[in-house]
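Trainee: One structure follows; several queries about it will come next.
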Amino acid sequence: NDTIEVGPGNLKLIYSGNKGKLTQYFNSRSSVKESIEQSFSYYAGDDGSVDKQADGAYIFRPNGTYPIQSEGQDHLTVLRGPLLDEVHQRINSWIYQVTRVYKEKEHAEIEFTVGPIPIGDGIGKEIVTKITTSMETNKTFYTDSNGRDFIERIRDYRKDWDLQVNQPVAGNYYPINLGIYAKDNNTEMSVLVDRSVGGSSIVDGQLELMVHRRLLHDDDRGVEEPLNETVCIQDVCKGLTITGKYYLRLDPLGEGAKWRRSFGQEIYSPFLLAFTEQEGDTWTSS
Amino acid sequence: RPNTDSLADALAIAQHHDAVSGTEKQHVADDYAKRLSIGYNESRDQKLAAIVHQLSFNRQIKCPLLNISYCPPSEADLSNGKSLVIVVYNSLGWKREDIIKIPVVSANVTVRDFTGKEIESQLLPLLNASVGIRNDHVRAYLGISPSVTPSYWLTFSATVPPLGFSTYIVSSATQTATSSARRTVYKSEASQ
């Protein structure tokens, strides 16, 4: 029927078979149902030629935003099983994504692998992933404060002073160490992260995370070099490839805090594994 | 006496705002990484837990690169009658159930809990595309031969008590005991 349903448990993610894109989030237990999209785009790094302030390690100074389209045929590979389903998506030659839905969990796990960011066009890039819903979030979203309280953020507004908006994107960006969420009258959309990233809600109903960046100019704030790290093997250097995970969950209004707190701790303190081997069946329970 | 001073120093230095935000110079980033590595190794290499004999972290069983699907003990050949014992530690104060994921070479494996009861597991093929984009570079850097690239992720559900351990045993099966994942490939036209 042109749709692909993924998830062995209560949570189902619906993908469009034609476009290979995520289209809907549905939890049969909580009855949360929301149309949803997920995409990648990049902010071009400002070179500082106009106002002497380049995009760099400290200063986020984007010069336009550009969607990242899939190259050629968009492959969606679905692996199904009794414990979890996986959706593999090769966005392009330098972005790969795996979405996992576990039978016993009510969140989606998204693992991204990004890099090396191409800079052959002479433009530095800051890569973001966006999750878009139809939620009416009224310019308001919430970000953690170094893993502690979630603090209310209102787009283009500061409680303590009259904000003159010169940077509509950068002026609304916040550090995300634990997570970010937004809500409307019915639903909360929460995203928790396994590493520190930047994040914002530039458009109502949308959350975005900055997952990787590679820039070609120094922002002249002291670091004295562009943020353009490479790794070299046998004199061949490449930009870095990064990987990370974020976790997406939609709850009825007022029911997301428990998950954000408890699962946030579990992300921070995953199971620790140790290995050894034994001969035959000599193991005695311990 | 062995201690965790190097790790403490490395973590203390990494509290600097440059380290937290990733805005340091490259040579400083390299220094942070080296200090953390020294601290990690000092804390792990059996120096602090000498009384633990059977499950110590010695050179043969350490697995610090599980995040890039490289884990020599789990990729070992289990067809010779040996089993892989996995001890799972939960550092939080509540009972947890989560999925364990380890790379394995063979599909013919089975997972049992500490009572010997077989538990449900699932094999996920390591797709070439995902392995390639992530691991080729790192594996080349580490000098790992492509021939030892594992074929599957073995996943199973582990339940661990608060601040406690659970033990699971992976051994070879006469047939594929795990529920193999069905793989479906959907192809879509790219949007312009």
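The values are calculated or read from the model by the stated rules, or taken from the named source; none is laboratory data. Only a predicted model underlies this, so the values are computations on that prediction, with no experimental measurement involved. Please note: Cβ atoms are built from the backbone with ideal geometry, for glycine as well, and neighbour counts cover all protein chains shown.
Trainee: Among the listed residues A:Gly48, A:Gly9, identify the single one that is touching a His at 6+ places or on another chain (Cβ under 7 Å) and surrounded by fewer than 19 Cβ atoms within 10 Å (Cβ to Cβ).
Mentor: Answer to the selection: A:Gly48.
Trainee: Take the residues in region B:29-45 that are touching a helix residue (DSSP H, G or I) at 6+ places or on another chain (Cβ under 7 Å) and not small (Gly, Ala, Ser), then tell me which one is farthest from A:Asp219 (Cα to Cα).
Mentor: The selected residue is B:Glu42.
Trainee: Turning to a different aspect of this structure: Filter region A:239-258 down to residues that are modelled with pLDDT of 95 or more and buried (at least 19 other Cβ atoms within 10 Å of the Cβ) and give me whichever is nearest to the other protein chains (Cβ to nearest Cβ).
Mentor: Checked region A:239-258; the qualifying residue nearest to the other protein chains (Cβ to nearest Cβ) is A:Tyr247.
Trainee: Sticking with this one: Identify the residue in region A:201-230 that is over 13 Å from A:Ile127 (Cβ atoms) and in contact with a strand residue (DSSP E or B) (Cβ under 6 Å, 6 or more places away or on another chain) and, among all such residues, is surrounded by the fewest Cβ atoms within 10 Å (Cβ to Cβ).
Mentor: Ranking the candidates gives A:Thr230 first.
Trainee: Having 1 or more residues that are surrounded by 14 or more Cβ atoms within 10 Å (Cβ to Cβ) and at pLDDT below 90 is the bar; report the helices (runs of 4 or more DSSP H) wholly within region B:2-84 that clear it.
Mentor: B:17-21, B:26-44
Trainee: Condition first: within 19 Å of the chain's Cα centre (by Cα), buried (at least 18 other Cβ atoms within 10 Å of the Cβ) and of a type in the set (Val, Ile, Thr). Now tell me which residues in region A:15-40 satisfy that.
Mentor: Of everything in region A:15-40, just one residue is within 19 Å of the chain's Cα centre (by Cα), buried (at least 18 other Cβ atoms within 10 Å of the Cβ) and of a type in the set (Val, Ile, Thr), namely A:Ile36.
Trainee: If you don't mind, there's one more thing I want to ask. Kindly list the number of the only condition in (1) at the interface with another protein chain (Cβ under 10 Å from one of its Cβ atoms); (2) in a loop (DSSP other than H, G, I, E, B); (3) touching a residue at least 24 places away in the same chain (Cβ under 8 Å) that fails for A:Glu224.
Mentor: Only one criterion in (1) at the interface with another protein chain (Cβ under 10 Å from one of its Cβ atoms); (2) in a loop (DSSP other than H, G, I, E, B); (3) touching a residue at least 24 places away in the same chain (Cβ under 8 Å) is unmet by A:Glu224, namely (3).
Trainee: For region A:93-129, which positions are under 18 Å from the mean Cα position of the chain (by Cα) and within 10 Å of chain B (Cβ to nearest Cβ)?
Mentor: Scanning region A:93-129 gives A:Trp94, A:Ile95, A:Tyr96, A:Gln97, A:Val98, A:Arg100, A:Glu109, A:Glu111, A:Thr113, A:Val114, A:Gly115, A:Pro116.
Trainee: Could you please find all residues in region A:10-26 being farther than 14 Å from A:Thr133 by Cβ and either assigned to a strand (DSSP E or B) or more than 12 Å from every other protein chain (Cβ to nearest Cβ) (or both)?
Mentor: Selection gives A:Asn10, A:Leu11, A:Lys12, A:Tyr15, A:Ser16.
Trainee: Taking the conditions exactly as written (without any contact (Cβ under 8 Å) to a residue 60 or more places away in the chain and over 22 Å from A:Tyr58 (Cβ atoms)), does A:Ile154 satisfy them or not?
Mentor: So A:Ile154 fits the description; yes.
Trainee: Going through region A:248-268 one residue at a time, which ones are within 24 Å of A:Ser35 (Cβ to Cβ), assigned to a helix (DSSP H, G or I) and touching an Asp or Glu at 6+ places or on another chain (Cβ under 8 Å)?
Mentor: A:Trp259, the sole residue that qualifies.
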